[in-house]
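Chemist: Mind having a look at this structure? Questions to follow.
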Amino acid sequence: MDFATFFGIVIGFSLILGAIIIGGAGDTFINVPGMMIVLGGTLAATSINFPVTDINKAIHAAFYIFSGKSITANDVVNTMVRIAEISRRDGLLALENVRTENSTLKKACQLIADNSDPVMISQTLRIEIVALRNRHAVVQDVFKKMGTYAPSFGMIGTLIGLVQMLTMLDDPASIGPAMAVAILTTFYGAILATLLFLPIAGKLKSRTQQENLHLEIIFQGAQSILENNNPRVVYEKLSSFVPPAERKHERR
Amino acid sequence: MDFATFFGIVIGFSLILGAIIIGGAGDTFINVPGMMIVLGGTLAATSINFPVTDINKAIHAAFYIFSGKSITANDVVNTMVRIAEISRRDGLLALENVRTENSTLKKACQLIADNSDPVMISQTLRIEIVALRNRHAVVQDVFKKMGTYAPSFGMIGTLIGLVQMLTMLDDPASIGPAMAVAILTTFYGAILATLLFLPIAGKLKSRTQQENLHLEIIFQGAQSILENNNPRVVYEKLSSFVPPAERKHERR
Amino acid sequence: MDFATFFGIVIGFSLILGAIIIGGAGDTFINVPGMMIVLGGTLAATSINFPVTDINKAIHAAFYIFSGKSITANDVVNTMVRIAEISRRDGLLALENVRTENSTLKKACQLIADNSDPVMISQTLRIEIVALRNRHAVVQDVFKKMGTYAPSFGMIGTLIGLVQMLTMLDDPASIGPAMAVAILTTFYGAILATLLFLPIAGKLKSRTQQENLHLEIIFQGAQSILENNNPRVVYEKLSSFVPPAERKHERR
Amino acid sequence: MDFATFFGIVIGFSLILGAIIIGGAGDTFINVPGMMIVLGGTLAATSINFPVTDINKAIHAAFYIFSGKSITANDVVNTMVRIAEISRRDGLLALENVRTENSTLKKACQLIADNSDPVMISQTLRIEIVALRNRHAVVQDVFKKMGTYAPSFGMIGTLIGLVQMLTMLDDPASIGPAMAVAILTTFYGAILATLLFLPIAGKLKSRTQQENLHLEIIFQGAQSILENNNPRVVYEKLSSFVPPAERKHERR
Amino acid sequence: MDFATFFGIVIGFSLILGAIIIGGAGDTFINVPGMMIVLGGTLAATSINFPVTDINKAIHAAFYIFSGKSITANDVVNTMVRIAEISRRDGLLALENVRTENSTLKKACQLIADNSDPVMISQTLRIEIVALRNRHAVVQDVFKKMGTYAPSFGMIGTLIGLVQMLTMLDDPASIGPAMAVAILTTFYGAILATLLFLPIAGKLKSRTQQENLHLEIIFQGAQSILENNNPRVVYEKLSSFVPPAERKHERR
């Protein structure tokens, strides 16, 4: 599990709660209509902005950021080297039996085992990479847009509150609390954007970059296996994707 | 019909109306000159910014976001595989009779049936894709620009109101209501941008991305049919455009 | 003449004037020093930012946005098909006599008539397109930058006014009017940017995109004439630049 | 000398000075600690942001914007045509003696005179162009960043002033002047950014674009001389870099 | 050591401290809960946004900006020329023994000494460059995002303070100090972003650009050594990466 994400959210909200409790007037900070306008408005604008399928994918992806087991670039390099060794020892056909959770790697192995045209394999894997990147970009975009709609609806809520307050200036004593309530929606919008939507979009981007790197390693590895099936050459080339400090042994 | 778009707009405006009614002073929120300056000003700036033809296209596109029947990438892949099967069984000339609503697919089939030069077919389809993307980009741009002009005219209206209020400070009691009226145009501008123009631009972008994906599938499919007319190879390649979970059977 | 541009400017300013007249205190809105600081400051910053030649070009381009007669993509496609027909009937040399106002098309015809190297023709036309796009981009950039400098000088004027007002708080009655005057420069800056500079930059961008599309059609058409001088093939390829609904007859 | 740059700065500051003098309270606008925090803070952030060598280059480049003699694209085209004529008449070796201030043109002539590999010449000139563009981009970046740091430090200064003013509300009469002083740093930051840093960055960008255009002409000219040493063909190709109206004689 | 970075931070904070001390009320500026909300909130959002490994790398990189010894482009060019001389004199195999701290140069030498396929060498070095650039981009991104989260949490802190102040308007005398405290978090956020996070991101970008330039020189040098092992040609090509004024002797 990705504890940093979890603790980041917990600690972020705790700090804000702490500041509210220390400063007093804690119950002022709960305003249901204000919450509804910011959260509801953000969801409404988002559902105008994106197809339902994209929003569904985004909701699923949001939970995915808590999941932990991360495969390193080194692992993928090693996998590709092992596959190169298998294909050299047992022939390209042996790749049919490679077991992997990565659907792109599986497809690459099957295409190679099928003795497909190298150009067609290269095009197909390139399509896999670009299509995946585009699909992930849409999901990130949902959260990025929510991160811009939330503060906007926060401001809209505050404007409504200000107009109401300014129209009904009968009781000067009520100006302060009315203004406080008006400001609350801006506060909600800022928290939703800064502590949830934008960082989640960021984490999804990090995940995509990582997965993209892995797909590039698979792509380059498959190319190498097709061109010149030498595990050492495959390793020399793919290890360049890994930071120097993490490379196992530059020379083996 | 795309209900998410429809309900997004309805719920978004309902939430704002609700907040206005709960808070009272509902009639203050209607200010015809303010609405005119924001909406009229936005339309004026837009008609300076874009040729009339582009604005017309944008108005048509705005209704298009409510339309529903969406063809999935899987459908397009299946169509291309079926076309590959037809062309293999009955020869490339049989593609002349393919019935389709997609004008690019129709053109691709005719060009293949005409036995055109493969390079020329590839160039022509690439032009189709780029030209369509550019035309759609202009339409999105109209709404994106409206989404920046609306808040600007909202601010201009507020500045006019503020100057008038500050000049005529005779009656302190009128300061509040005058200020409320001044703020209203900012409120109108924010709502128009956040709940209409920007999300509509976003939805149009989603539609374009989807259509673009379909055109890419058609392009790659036509390439494959021309190069190596094997439906299974066509499927292997094109299925990479589809998310792994939605692929029918990885192996058939 | 491009009436949309003209009416956009007239209606935009009329709406603002109307709001000022309805709200009263119309003479407050005229403040010559304020206008000088916003307009003069914007011009000063612009003349630091750009070479004089670019500013001159921008001033000329600004009038160009009112000019009307627009050639459609369809017209350019037809011209290229006609040129293909001429060159097929009368030989490439006949292109020497083609009459056209478009300097790039004229150059293309002359280069083809001169029997120049196809690669050199392609490079030369590509240079024409890129050079024109870069020249136009500079002109748009002048107006875009003016659209950012105007609000900045509006804010600078307001800051000057605020500092003066706050320093001389002797007469509380003068605070309101002094504040009103201070706000005016922000108002001027916002109007200049939102109703003039930014929409003009937008219109110039639209014109460039259109002209760019025409140059691309000329480029691809010239390529096709050089490669395979068949008017029907030229039409098939170039018609892909035109939206399907505007294509004359898909089949002739 | 580039008088537009010079007069832009002089007139911009004069307008601001004029507005200050007309409005009175001129001495309020001088606040040494405020100036130090804005200018010093901007320089401090800049020296954290950039290596010393880049800042030195930026300072030198800042004076360069006043220098005037500008070579037009036409001049460079003519030079390349003249070089093509020399090389045709006297052989490629004669280019060794070409005298020019442009170091890239000099290098191109020497490489051609040395009878170097055309591919190597092309790569070398491309490196020259890209390396120069990157070096210039850094210098522009220094001023662009100063244009964002200056307003930020202006705001920081204002926040300090506001906190101090709000803490010491003993004498209500001092609120106005204290607030005026607090606002001053925002004013300084806005002027520095809007009238100096950002326009200077813009002018440097214009210069780079011009120089880049000249290098492209040299690059394409050298290519043409190597491929097909015909001055008329060289002219036909390179004249496409020049706006049609400025081309000498389309036909000679 | 990079003294500019060090002094930039020291002087920047000194100027702000000086302004606080001169203006008085110095102890008001210390507010532990406010600091916690800004710094803690920024770290929380950052740890949601990025994987822990990226944040660790960013922390290490932050210290790296103080380190000084910078290798110039000229040094790298000279190294590559020396390597070309060695490889010419002693054969490509002699590159096995080249001693260098740069892991990419070391890898290039080993691959050449191993007599690897030139295309594979080129691909491998290109992967090294792209992978390094992506890794560095992530680290810069951490600081850029911190530079946007810090002001956001500053504003959130201020909103909390404002709501609390407006709710408890019992004692008018406390309004000023309460407002001062509320503004403090905005002040903290602005300083963290403007004087630390954004300039550090900038310095890391400068370092990356420099390292990237060096890797490009190594890449182009290795290409030249493989293609045409002539030290003078290598020098002619690589010296184009260096500004003309810093080139040793254009002719040797």
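No lab work stands behind these numbers, since they all come straight from the coordinates. No experiment lies behind these values; they were computed from the predicted model shown. Using ideal geometry, Cβ is built from the backbone for each residue, glycine included, and neighbour counts are taken over all protein chains shown.
Chemist: Size of the range B:12-141 along its principal axes in angstrom, Cα-based, largest extent first?
Modeler: Cα extents, longest axis first: 73, 34, 18 Å.
Chemist: How much net charge surrounds D:S122 when only other residues with a Cβ under 14 Å from its Cβ are counted (Lys, Arg +1; Asp, Glu -1)?
Modeler: -3
Chemist: Given C-alpha coordinates of chain E, what is the ratio Rg to Rh with the Kirkwood estimate of Rh?
Modeler: That ratio equals 1.19.
Chemist: Of D:P33, D:A94, D:V10, whose Cα points farthest to the positive end of the dipole of chain D (charges on the beta-carbon: +1 Lys, Arg; -1 Asp, Glu; origin at the Cα centre)?
Modeler: With unit charges placed on the Cβ atoms, the residue in question is D:A94.
Chemist: Return one number: the angle in degrees, 0 to 90 and rounded to the nearest 10, between the long axis of the Cα atoms of helix A:73-90 and the longest principal axis of the Cα atoms of chain A.
Modeler: Result, in degrees: 20.
Chemist: Further question on the same structure: Starting from the Kirkwood radius over alpha-carbon pairs of the range A:75-164, derive D by Stokes-Einstein at 10 °C in a medium of 1.306 mPa s and give it in µm² s⁻¹.
Modeler: The Stokes-Einstein estimate is 95 µm²/s.
Chemist: Moving on. Give me the mean projected area, in nm² to one decimal, of the convex hull enclosing the Cα positions of the range E:188-252.
Modeler: Averaging across all directions leaves 5.6 nm² for the Cα convex hull.
Chemist: Still on this model: Work through the residues other than E:R89 whose Cβ is under 15 Å from its Cβ and net out their charges, Lys, Arg +1 and Asp, Glu -1. Before the final figure, lay out the partial values.
Modeler: On the way: positive: E:R82, E:R88, E:R232; negative: E:E85, E:D90, E:E96.
Residues near E:R89 contribute 0 overall.
Chemist: So, in nm, how far is label A:I22 from label E:M35 when the simple model puts each one 7 Å beyond its Cα toward the Cβ?
Modeler: Result: 1.1 nm between the two label points.
Chemist: 222 nm [θ] for chain E, helices only, -39500 (n - 2.57) per DSSP H run of 4+, per residue, to 500?
Modeler: Theoretical 222 nm ellipticity from helices: -24500 deg cm²/dmol.
Chemist: In cubic angstrom, how much convex hull volume per residue do the alpha carbon atoms of the protein assembly as shown span? Write down the numbers at each step before the final one.
Modeler: Values: hull volume 229.7 nm³, N = 1260.
Per residue, the Cα convex hull of the protein assembly as shown comes to 182 Å³.
Chemist: Please identify every one of the trypsin sites (Lys or Arg not before Pro) in the range D:164-244 that sits in a loop by DSSP and has no more than 10 other beta carbons within 10 Å of its own beta carbon.
Modeler: Taking the range D:164-244 and a limit of 10 other Cβ atoms within 10 Å, no loop trypsin sites (Lys or Arg not before Pro) are found.
Chemist: Report, to the nearest 10°, how far helix B:3-23 tilts away from the longest principal axis of the Cα atoms in chain B, using its own Cα long axis and a range of 0 to 90°.
Modeler: 10
Chemist: Further question: Describe numerically, in nm with one decimal, the distance between label points set 7 Å from Cα along Cα→Cβ at A:F7 and at B:F6.
Modeler: 4.9
Chemist: Count charges around B:R135 for me, please; just the other residues with Cβ under 12 Å from its Cβ, Lys/Arg as +1, Asp/Glu as -1.
Modeler: -3
Chemist: In whole angstrom, note down how far apart the Cα centers of the range E:140-163 and the range A:174-252 are.
Modeler: Between the Cα centres of the range E:140-163 and the range A:174-252 lies a distance of 22 Å.
Chemist: When only alpha-carbon atoms count, how far does the range C:131-252 stretch along each of its three principal axes, as whole angstroms with the largest first?
Modeler: 85, 30, 11
Chemist: Sticking with this one: Using only Cα atoms, find the angle between the long axis of helix C:175-191 and the longest principal axis of chain C, and express it within 0 to 90 degrees, rounded to the nearest 10.
Modeler: Between the helix axis and the principal axis of chain C, the angle is about 0 degrees.
Chemist: Additional query: Between A:N78 and E:V119, with labels modelled 7 Å along Cα→Cβ, what's the label distance in nm to one decimal, could you check?
Modeler: Roughly 3.1 nm, to one decimal.
Chemist: For chain E, which span is the longest to avoid every loop-located (per DSSP) member of GluC sites (Glu not before Pro) having at most 16 other Cβ atoms inside 10 Å?
Modeler: E:102-249
Chemist: Positive end of the dipole of the range E:42-92, charges at C-beta (+1 Lys, Arg; -1 Asp, Glu), about the Cα centre: which of E:I83, E:T46, E:G68 has its Cα farthest in that direction?
Modeler: E:I83
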